[in-house]
Amino acid sequence: MLSKEFVCGGKAIFTLEVPESFQKQENTRPHYTYKVSEPKFTVPFLFVSVLTGPENTKDYTYLGILFPETGIVKFTEKSQFTNDAPCVRLLRRVTANLWAGTGAKIEAAGFKLHHEGKCGKCGRRLTVPQSIECGIGPECIKGMGYGAPVVTGMDIARNGGIMEDVYGSPDWETENDWYKES
Ligand SMILES: [Zn+2]
């Protein structure tokens, strides 16, 4: 399973594959590709954009910012989507699960997360099986505190009462319940 360390590495590009039943039920696309990049200036978040055109090196549309401590995805003024956009809701479900350590739920529900074979931190090609699994190369993973406990989006939502903002509307009920709070 892709790790939160991969997502926050600064050069992460990953694709969420949506199962057919879910596509039909929720009227989503078959897959969404996200790019999470490190800003050139020092801020406590990363920029997220989503692939919206045919040219997969440049047709990305700005979505918002991701906080590495919590996995929370927030909009800024320039965000091009709303809270109910499937690409936003799905991303929030993915980060909520990855940060909560429940990434297995994503695949159990028929979704798949793919990286493009490159380390999320340095962009070099991944060849070691464990690295391919988590998306971070053996050198980059050193000193990343891999596997260390983090404050999850769930904790934040419980304590701060911002569930709506973090996870979208609770009415998005389907048979695939991997995005629900457990
Ligand atoms: Zn690397």
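Please verify whether the range 55-73 includes one or more residues that are of a type in the set (A, V, I, L, M, F, W, C), under 23 Å from residue 134 (Cα atoms), free of Cβ contacts under 8 Å to residues at least 24 places away in the same chain and part of a loop (DSSP other than H, G, I, E, B). Scanning the range 55-73, I find at least one residue that is of a type in the set (A, V, I, L, M, F, W, C), under 23 Å from residue 134 (Cα atoms), free of Cβ contacts under 8 Å to residues at least 24 places away in the same chain and part of a loop (DSSP other than H, G, I, E, B), so the answer is yes. Report yes if residue 123 is modelled with pLDDT of 90 or more, surrounded by 14 or more Cβ atoms within 10 Å (Cβ to Cβ) and either at negative phi or aliphatic (A, V, I, L, M) (or both), otherwise no. So residue 123 fails the test. Taking the criterion of being in a loop (DSSP other than H, G, I, E, B), of a type outside the set (A, V, I, L, M, F, W, C) and modelled with pLDDT under 90, the residues of the range 87-120 that qualify are 101, 102, 103. Scanning the range 132-147 for residues that are over 19 Å from residue 56 (Cβ atoms), of a type in the set (Gly, Ala, Ser) and more than 8 Å from the ligand (Cβ to nearest atom) yields a total of 3. Restricting attention to the range 106-129, the residues being away from the ligand (no atom under 11 Å from the Cβ), in contact (Cβ under 8 Å) with a residue 24 or more places away in the chain and farther than 16 Å from residue 95 by Cα number 2. Going residue by residue through the range 21-44, is there one that turns out to be part of a helix (DSSP H, G or I) and of a type in the set (Ser, Thr, Tyr)? Scanning the range 21-44, I find at least one residue that is part of a helix (DSSP H, G or I) and of a type in the set (Ser, Thr, Tyr), so the answer is yes. Among the residues of the range 70-103, those identified as more than 14 Å from the chain's Cα centre (by Cα) and either closer than 17 Å to residue 2 by Cα or among the hydrophobic types (A, V, I, L, M, F, W, C) (or both) are 75, 81, 85.
The values are calculated or read from the model by the stated rules, or taken from the named source; none is laboratory data. Remember, it's a predicted structure, so these values are computed and weren't measured experimentally. So basically every Cβ, Gly included, is an ideal-geometry build from the backbone, and we count neighbours across all protein chains shown.
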